[in-house]
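Student: Okay, here's the structure, questions in a sec.
The values are calculated or read from the model by the stated rules, or taken from the named source; none is laboratory data. Just so it is clear, the model here is predicted, and its values are computed rather than measured. Because the Cβ atoms are built from the backbone with ideal geometry, glycine has one as well, and the counts that use them run over all protein chains shown.
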Amino acid sequence: MTVFDPSMPVAEIQAKLDAAHARQVDAEMGTNRYAFLFKPGTYGTAEKPLQFKVGYYTEISGLGASPADVVINGKIEVYNRCLLDGGTSNCLALVNFWRTLSNLSLNINGAGQDGCRSGANFWAVSQAVSLRRLNVTGGTFSLMDYCTAGPQYASGGFIADSALPATVNGSQQQWLTRNSKVDSWSNAVWNQVFAGVQGAPDDAAFPDPPYTTLATTPISREKPYLFVDPKGNYAVRVPSAHRNTSGTSWANGLTPGRTVPLKDFFVAKPSDPEWLINMQLLLGKNLLLTPGVYDIAQSLQVRWPNQVVLGIGHATLTAVNGATPLKVADVPGAIIAGVTIDAGLKESRNLLQVGTKKGLGFSNPANPTTLSDVYFRVGGPHIGKVDTALEINSDHVLIDHTWVWRGDHGVEGFTEGVNGDTQRWRTNTGRYGAVINGDDVTATGLFVEHFQRYNTVWNGERGTVVLYQNELPYDPPTQADWMNGSVEGWAGYKVGAKVKNHRLYGAGVYVFNQNNPSIHTENGFEVPDRPGVRLHHVMTVNLSAGTIDHVVNGVGEAADTTKIGVPVFVTDYPAP
């Protein structure tokens, strides 16, 4: 963790950031974690802008109480990653994961860059990447890198609580923008969702373009952030929850919420034993996880209302000996933010459990337990095994951006080709991505991919999801391996048979059965046929192999290889 001060020379800051990017630009499965934090002030000038790029497992954040307190004149960028021919071809953003940019003002300045790059700030990313509390001015903000050699694909992302200039969506397949302001938005590919965004495009022409626009966000709570007060003291601002809002939380002053001094946190490092961290949590301390990888053989227990666990620099908890790395009790207002949780070599029941099925269930609709930028990984840097990655049993929980990922590629045990894919199916195991048993749970930005049964199962009443993105597993060896009883395949999104009320806005399920292109999945979505269960703007799409026979409950034509890359849309289910 590095803290910059505005008195430092721009060249010195530039050199540190460039060195970190050089280490992290290809470190997709590495163990290094970085946080670069900027104290209040201005960095870079019109003549000497601060221009840098952000690699894997890197967080860039301002330390102001407001985004206006930290101003960067220059650029903060992510370019396509070129994977072939020594890094000169097959350039795309499909694997540009795990990076964070937040809580600052960026005045785009491309001085010294070539003509293509001079006018825009490029943020070419995919899942597990968040932009929060940004005020961007001075050019265009591009979510794809159209200056690097192709194919220039990009796979999705998340913006919240930000004010942006003209924004180029470009090749981004799916995206959620929440509680923000945009001057304009250029286009859509498959699934672009806006909730509580001032200046958002109208969605009346859906599916051409495929916009889904909600005037307000049903419930929102901004992610906690570290800041420095005028006396130089560190604290964490914990925003409060709000219903039916639009625009940024900071437009009219300090983000509503409470300030928690750093002394009320236990500041942990990866060498700290679990018993010490748990003792601090039991005593009522909040938890700040500094960058690194934490091996967790004994569950960390969040037991108290309003207790905060805040990870910095993509702090990562790795399950050891089948442990559940993190458990949250049935209490209101607990917050987990900025944490990545990895499965280990021995199967875990869960990676994160919120509440228990047998608990008394203390909850508060005005103060939901909240998960912000919490990411899950089953495989990648090593083989992983889990039954259900994320299990939520508590009522009144808010999920604000998560990526629940069973790895489709990685380093150890992830060899290429059919034999490697078969090996992955048998050894890198994850049955369910997210299982939601609690009532009145809301998700804004739910990304779940590649699990071996249902990717998401929603059993709770009155659930609401704003943007759902799913890709079915690549690697079932045969159709027999991909059967749900007598049904071909497991839907990417399942609402439980007993559920009476559910809402889903803007959702996509993708198929790419590269291991066996003959495999079929009967439905992308499966829901009970009840008037209170409603899906709005859902789609399936074929990426080049396999078939999804229907979008939802037998409705919608097949997403097969006759329409590669062409979505099959259902505007509303059931039809009005």
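Student: Within region 204-262, count every residue that is in a loop (DSSP other than H, G, I, E, B) and of a type in the set (A, V, I, L, M, F, W, C).
Tutor: Adding up the residues that qualify gives 7.
Student: Does region 324-342 contain any residue that is surrounded by fewer than 24 Cβ atoms within 10 Å (Cβ to Cβ), farther than 26 Å from Ser240 by Cβ and under 20 Å from the mean Cα position of the chain (by Cα)?
Tutor: There is no residue in region 324-342 that is surrounded by fewer than 24 Cβ atoms within 10 Å (Cβ to Cβ), farther than 26 Å from Ser240 by Cβ and under 20 Å from the mean Cα position of the chain (by Cα).
Student: Okay, moving on. Out of region 393-440, which residues are among the β-branched types (Val, Ile, Thr) and either at pLDDT 95 or above or within 19 Å of the chain's Cα centre (by Cα) (or both)? It would help to see each step written out before you state the result.
Tutor: Just the residues of region 393-440 that are among the β-branched types (Val, Ile, Thr), to begin with: 397, 399, 402, 404, 411, 415, 418, 422, 427, 429, 435-436.
Answer for region 393-440, where residues must be among the β-branched types (Val, Ile, Thr) and either at pLDDT 95 or above or within 19 Å of the chain's Cα centre (by Cα) (or both): Val397, Ile399, Thr402, Val404, Thr429, Val435, Ile436.
Student: May I ask you to verify whether Ala334 is touching a Ser or Thr at 6+ places or on another chain (Cβ under 7 Å), among the hydrophobic types (A, V, I, L, M, F, W, C) and over 14 Å from Thr402 (Cβ atoms)? Quick ask: steps written out before the conclusion?
Tutor: On the way: touching a Ser or Thr at 6+ places or on another chain (Cβ under 7 Å): yes; among the hydrophobic types (A, V, I, L, M, F, W, C): yes; over 14 Å from Thr402 (Cβ atoms): yes.
When the stated conditions are applied, Ala334 passes them.
Student: Hey, Val495 hits all of (1) surrounded by 15 or more Cβ atoms within 10 Å (Cβ to Cβ); (2) closer than 18 Å to Gln173 by Cβ but one; which does it fall short on?
Tutor: Only one criterion in (1) surrounded by 15 or more Cβ atoms within 10 Å (Cβ to Cβ); (2) closer than 18 Å to Gln173 by Cβ is unmet by Val495, namely (2).
Student: Now for a separate question. What is the number of the single condition among (1) over 23 Å from the mean Cα position of the chain (by Cα); (2) surrounded by 22 or more Cβ atoms within 10 Å (Cβ to Cβ); (3) polar (S, T, N, Q) that Thr100 does not meet?
Tutor: Of (1) over 23 Å from the mean Cα position of the chain (by Cα); (2) surrounded by 22 or more Cβ atoms within 10 Å (Cβ to Cβ); (3) polar (S, T, N, Q), only one is false for Thr100: (1).
Student: Taking interchain pairs and intrachain pairs at least six residues apart, which have beta carbon atoms under 6 angstrom, with the first residue in region 39-61 and touching a residue at least 24 places away in the same chain (Cβ under 8 Å) and the second surrounded by fewer than 19 Cβ atoms within 10 Å (Cβ to Cβ) and among the small types (Gly, Ala, Ser)?
Tutor: What qualifies is Pro49/Ala111; Tyr56/Ala27.
Student: Filter region 475-492 down to the residues that are out of contact with any Asp or Glu (no Cβ under 6 Å at 6 or more places or on another chain) and surrounded by fewer than 19 Cβ atoms within 10 Å (Cβ to Cβ) and list them by number.
Tutor: Pro477, Thr478, Gln479, Ala480, Asp481, Met483, Asn484, Gly485, Ser486
Student: Under 7 Å between Cβ atoms, which residue pairs at least 6 apart in sequence (or on different chains) link something in region 442-464 that is within 14 Å of Leu176 (Cα to Cα) with a partner that is surrounded by 22 or more Cβ atoms within 10 Å (Cβ to Cβ) and modelled with pLDDT under 95?
Tutor: From region 442-464, the pairs are Phe447/Gly156.
Student: Can you pull out the residues in region 191-231 that are modelled with pLDDT under 95 and under 30 Å from Pro40 (Cα atoms)?
Tutor: Matches in region 191-231: Asp229, Pro230, Lys231.
Student: Name, by its number, the condition in (1) under 21 Å from the mean Cα position of the chain (by Cα); (2) surrounded by fewer than 21 Cβ atoms within 10 Å (Cβ to Cβ) that does not hold for Cys82.
Tutor: It fails just one condition, (1).
Student: Based on what the data block shows, is Leu84 without any contact (Cβ under 8 Å) to a residue 24 or more places away in the chain and not small (Gly, Ala, Ser)?
Tutor: For Leu84, the condition - without any contact (Cβ under 8 Å) to a residue 24 or more places away in the chain and not small (Gly, Ala, Ser) - is met.
Student: If you don't mind, another one. Trp304 passes all but one of (1) touching a residue at least 40 places away in the same chain (Cβ under 8 Å); (2) farther than 27 Å from Trp405 by Cβ; (3) in a loop (DSSP other than H, G, I, E, B); which number fails?
Tutor: (1)
Student: Can you confirm whether region 37-50 contains a residue that is under 27 Å from the mean Cα position of the chain (by Cα), charged (D, E, K, R) and in a strand (DSSP E or B)?
Tutor: no
Student: Sticking with this structure for a sec: When you go through (1) surrounded by 22 or more Cβ atoms within 10 Å (Cβ to Cβ); (2) in a strand (DSSP E or B); (3) without any contact (Cβ under 8 Å) to a residue 40 or more places away in the chain; (4) not small (Gly, Ala, Ser) one by one for Asn179, which number turns out not to apply?
Tutor: (3) is the only condition that Asn179 fails.
Student: What's the number of the condition Gln152 fails, among (1) within 17 Å of the chain's Cα centre (by Cα); (2) under 26 Å from Met539 (Cα atoms); (3) not aliphatic (A, V, I, L, M)?
Tutor: The failed condition is (1).
Student: State which residue pairs qualify: first residue modelled with pLDDT of 95 or more and inside region 547-564, second residue buried (at least 21 other Cβ atoms within 10 Å of the Cβ) and of a type in the set (Asp, Glu) in any location, beta carbons under 9 Å apart, and separation of 6 or more residues or different chains.
Tutor: Partner pairs satisfying both residue conditions: Val552/Glu526; Asn553/Glu526.
Student: Condition (residue is among the acidic types (Asp, Glu) and modelled with pLDDT of 95 or more) applied to region 66-85: is it met by at least one residue? Spell out how you get there, then give the answer.
Tutor: At the first step, the residues of region 66-85 found to be among the acidic types (Asp, Glu) are 69, 77, 85.
Next, only the ones that are modelled with pLDDT of 95 or more stay: 69, 77.
Within region 66-85, one or more residues are among the acidic types (Asp, Glu) and modelled with pLDDT of 95 or more.
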